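First the structure, in the form of structure tokens, and then the observations on it.
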Amino acid sequence: MKGVVISSGKIASKSFYDEYIKDADFIICCDGGANVAYKYGFVPNLIIGDFDSVDKEVLEFFKINGIQIMEFPCEKDKTDTQIAIEYLAEKGFDEVVMLSCTGKRLDHVLANISLLYYLLERNIKGAIVDENNIIMMTRNKIKIHGKKGQLLSLLPYTQTVRGICTKGLYYSLEDGVMEFGNPYGVSNVIIEDEAIVEVKDGVLLVILSSD
């Protein structure tokens, strides 16, 4: 099952959201993410948060229309996005796509990237997607379906990542090693319809980007 989480970050175009929610089994809006749903006219299954960023009239609209709402205190030990991710994991979803999870707040962006690790630890396919990037994480093998000429960056998420092998990239690696603090894997280039990245030990951040 595929779950989609829409947070309070950068708002994209309607067509962007349509692409990712069209085959979703469950949609969660985190706080201000409900403003996106209201703006573009799609209906979430659940709205969660402390509701410090959602418009009051938007929240009232969804309440009147019977959408499930879970409210949490402002002073808590988890972000709204984390609560949503944990909810989907507990419900048995095997794929989670995170939208509006990037933007001006770098602290939230980094926190959201760390949630990819939470999903990885539970064997749940996860991705953070915006209009310019798809951010993923792997500890074994991942296939990337991009376009020739697109940029693909590989960054270590653990202190050391060993046994990195790549196919379909301009700068190839065979049994490569990456260490935290030496980001030489930035801005590789896809040269085939499908790129493959394999890892033997450690966790690798994989970022597909378009300018």
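FYI, it's all coordinate maths here, none of it is from the lab. Everything numeric in this text was worked out from a predicted model, so none of it was measured. Positions of Cβ are backbone-derived with ideal geometry, glycine not excepted, and every protein chain shown enters the neighbour counts.
Test of the criteria: in segment 30-65, which trypsin sites (Lys or Arg not before Pro) are in a DSSP loop and have at most 11 other Cβ atoms within 10 angstrom of their Cβ? Please list the in-between numbers first.
Numbers: sites: Lys39, Lys56, Lys63; in loops: none.
Passing both the DSSP loop test and the Cβ count: no residue.
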Segment 135-211: GluC sites (Glu not before Pro) in DSSP coil with no more than 10 other Cβ atoms inside 10 Å: Glu174
Most mobile listed residue (Lys78, Lys147, Lys14) in the chain, GNM with C-alpha springs under 10 Å: Lys78
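At 1.567 mPa s and 4 °C, plugging the Kirkwood radius over alpha-carbon pairs of the chain into Stokes-Einstein gives what diffusion coefficient in µm²/s?
Details: Rh = 17.9 Å.
This corresponds to a translational diffusion coefficient of 72 µm²/s.
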Cross-link partners of Lys56 among lysines (Cα-Cα below 28 Å; sequence separation of 8 or more within a chain): Lys10, Lys14, Lys22, Lys39, Lys76, Lys78, Lys104
Order of Val203, Val197, Val4 under a 10 Å beta carbon neighbour criterion, fewest first: Val203, Val197, Val4
For segment 141-171 versus segment 191-207, the gap between their alpha-carbon centres in whole angstrom: 3
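From the helices alone, meaning DSSP H stretches of at least four residues, give me the mean residue ellipticity at 222 nm for the chain, per-run term -39500 (n - 2.57), in deg cm²/dmol to the nearest 500. Write down the numbers at each step before the final one.
Values: 5 runs with 52 residues, N = 211.
Estimated from H runs of four or more residues: -7500 deg cm²/dmol.
With the contact rule set at Cα under 8 Å and sequence spacing of 6 or more, what percent relative contact order holds for the chain?
Details: 458 pairs, mean separation 39.1, N = 211.
Rounded, it is 19 percent for the chain.
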Inverse of mean 1/r across different Cα pairs in segment 138-209, Kirkwood, Å: 11.7
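In whole percent, what relative contact order does segment 138-209 give with Cα contacts below 8 Å and a gap of six or more residues? Please report the intermediate quantities before stating the final value.
On the way: 194 pairs, mean separation 36.7, N = 72.
It rounds to 51 percent for segment 138-209.
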The chain: most fluctuating residue of Gly168, Gly41, Gly49 per GNM, C-alpha cutoff 10 Å: Gly41
Among Tyr117, Tyr157, Tyr171: highest mean-square fluctuation, GNM of the chain, C-alpha pairs under 10 Å: Tyr171
